[in-house]
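Structure, as structure tokens:
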Amino acid sequence: MALLEIDRLVKMFGGLKAVNGVSFKVEKGEILGLIGPNGSGKTTIFNCINNFYPITGGDVRFKGTDIKGLKPHKVCKMGIGRTFQVVKPLARLSVLDNVTASAFCRVNTIREAKEEAYKTLEFCNLLSEKDKPAKSLPIAGRKRLEIARALATKPELLLLDETAAGLNPSELDEAIDLIKKMRARGITILIVEHIMKVIMTISDRIHAINFGQTIAEGTPKEVANNRAVVEAYLGEEYAQG
């Protein structure tokens with residue numbers, strides 16, 4: 001049984017089908033990349049998985065359980081964490097307090113929450129920034145804080161939405177290393193990313209969509225050489241014959 005199963009997912013906004021019958025599975029322990037052009041429905045799929053948006057049709061199952069219609073906080077408690085494309089930390093609170101707040105998803109006391117926050121910040125290489133207000137962090141720091149907040153909820157499955165956007169080359173390498181460390185911890189990852197260095201480096205499989213529909217799925221090499229993906233998204237430099 002797959003950890004996450006998306007079955008013929010449909011999401012409509014008025015008369016627009018933003019997601020139109022997409023199906024895929026995420027196996028426990030893997031990293032699945034979700035790619036597609038801007039506006040293809042990637043973040044909408046994330047929002048349907050954690051019920052930030054109610055789905056129009058189809059099913060979403062986590063560990064075999066239908067999670068359609070659950071409140072987002074209940075989806076989180078079941079073990080699905082996520083980051084957001086536009087990071088919005090609790091700007092005036094410290095980095096530590098931001099992560100401590102997320103830790104209350106799993107613990108009941110401030111002592112336990114702070115202990116979890118310290119461990120999570122150390123894991124994300126943010127412990128030295130713990131007393132700074134979140135709004136003072138540069139973009140790379142805010143991205144890592146977003147991941148730390150999600151990790152503090154102790155997810156089995158983590159949805160990463162463009163966590164590498166806006167990073168310089170060395171920061172990209174750090175982001176890749178952090179994602180690999182999370183997988184080594186046993187966290188399954190579904191990632192939306194436009195930066196091909198990231199998605200091709202870390203993904204076990206890739207699911208590609210365009211106009212809300214699946215156009216390809218396979219290994220990074222298979223997807224990079226799929227003509228429909230090249231035409232829709234990647235560009236000729238990723239086609240190898």
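Rule-based calculations on the coordinates, nothing more; no lab input. Keep in mind that this is a model prediction, so the values were computed, not measured. Ideal geometry is used to build each Cβ from the backbone, glycine not excepted, and the neighbour counts take in all protein chains shown.
Averaging 1/r across all pairs of distinct Cα atoms in the range 50-191 and inverting the result yields a Kirkwood radius of 15.6 Å.
If both residues of a DSSP beta bridge must be in the chain, then about 55% of such bridges are antiparallel.
Placing unit charges on each Cβ (+1 for Lys and Arg, -1 for Asp and Glu) gives the chain a dipole about its Cα centre, and among Asn225, Gly57, His194 the Cα reaching farthest toward its positive end belongs to Gly57. With the cut-off at 18 Å, report for the range 8-71 the share of all Cα pairs above it, as a whole percent. Of all Cα-Cα pairs in the range 8-71, 34 percent lie more than 18 Å apart.
Volume per residue for the range 119-206 equals 93 cubic angstrom (convex hull of Cα atoms). All Cα-Cα distances of the chain, cut into 10 Å bins from zero to the largest, leave 8, 32, 36, 20, 5, 0 percent in each bin in turn.
Pairs with C-alpha atoms separated by more than 22 Å, drawn from the list Lys42/Lys88; Lys25/Lys63; Lys74/Lys197; Lys17/Lys42; Lys88/Lys197; Lys28/Lys143, are Lys74/Lys197; Lys88/Lys197; Lys28/Lys143. As a rough guide to protection, the peptides 141-148, 172-179, 200-207, 68-75 ranked by mean Cβ packing within 10 Å, highest first, stand as 141-148, 200-207, 172-179, 68-75.
Semi-axes of the equivalent ellipsoid for the range 36-134, computed as √(5λ) from the eigenvalues of its C-alpha gyration tensor and ordered from largest down, come to 29, 18, 11 Å. Calculated [222 nm] ellipticity per residue, helices only, for the chain: -9500 deg cm²/dmol; basis is -39500 (n - 2.57) per DSSP H run with n ≥ 4, divided by all residues, nearest 500.
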